[in-house]
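The next block holds one structure in the form of structure tokens; read it before the comments.
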Amino acid sequence: MKNCYDMSFKGIGNKEVGFLLPVEQNCDVPFTIKRIYYLYDVPLNIRRGYHAHKKLEQVLICLKGKVKIQVYDGNVEKVIVLDKPTKGLYIGPFVWREMFDFEDAVLLVIASDFYSESDYIRDYKQFLILS
Ligand code: T46
């Protein structure tokens, strides 16, 4: 699939004392980090996203609970389950995403740029033309 892949992180520690997981820019994530945000308290029946980005790169990590991410690059579609804080999903430009089945999830998003509505493609027909 284009511009989208699974990532795996390694926590430092053990079950006795717990774990710590550092994420460094241009190392653990393939870009300079300019913003983080997180989604929380999303009801189970809610589906979010419904857009792609023109330039933005992001890594999604579910810190708590479980969430499903449906991604589509205009050719291949897949659903990824994020259910542990050592698992990540990289999503680059021109990938349609929808997040659903939030189960008590705290979904951390690490982003390569500041928020800009002009970077969003929210119209699905427009996405199909551009992708
Ligand atoms: C994405 C998925 C995974 C801001 O003011 N600043 C921000 O940094 C963000 C991300 C959003 N907003 C505003 C824009 C909307 O008025 O917050 C509101 C909700 O945003 P949106 O409907 O785009 O949220 P999601 O959950 O559909 O999508 C978000 C990100 O926007 C998006 O980039 O890839 O999470």
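A few remarks follow.
- With each label modelled as a point 7 angstrom along the Cα→C-beta vector, the Arg122-Arg48 pair spans 1.5 nm.
- Charge context of Arg48, other residues only, Cβ under 10 angstrom, K/R +1, D/E -1: +1
- Placing a pseudo-label 7 Å from each Cα along the Cα-to-Cβ vector at Leu63 and Glu103 gives an inter-label distance of 2.1 nm.
- Gain upon complete extension [Leu21, Lys2; 0.36 nm per residue less C-alpha separation]: 4.1 nm
- Within the chain, helix-based [θ] at 222 nm, where runs of 4 or more DSSP H residues each add -39,500 (n - 2.57), nearest 500: -1500 deg cm²/dmol
- Across the cross-link table entries Lys10/Lys64; Lys87/Lys125; Lys55/Lys87; Lys64/Lys125; Lys15/Lys78; Lys34/Lys125, which are compared at the Cα atoms, the separations over 26 Å belong to Lys87/Lys125; Lys64/Lys125; Lys15/Lys78; Lys34/Lys125.
- Remark: segment 34-48, residue by residue, has Karplus-estimated 3J(HN,Hα) of 10, 7, 10, 8, 9, 9, 8, 6, 7, x, 4, 8, 9, 10, 10 Hz, where x stands for each Gly or Pro and the curve is 6.51 cos²θ - 1.76 cosθ + 1.60 at θ = phi - 60°.
- Remark on Phe31: its backbone amide H falls under 5 Å from those of Asn26, a criterion applied only to residues 5 or more positions apart or on other chains, H modelled at 1.01 Å from N.
- Neighbour counting of Cβ atoms within 10 Å sorts the residues Ser8, Ser116, Ser131, fewest neighbours leading, into Ser8, Ser116, Ser131.
Here, each number is a calculation from the coordinates, and none is a lab measurement. Quick caveat: nothing in here was measured; it's all calculated off a predicted structure. Because the Cβ atoms are built from the backbone with ideal geometry, glycine has one as well, and the counts that use them run over all protein chains shown.
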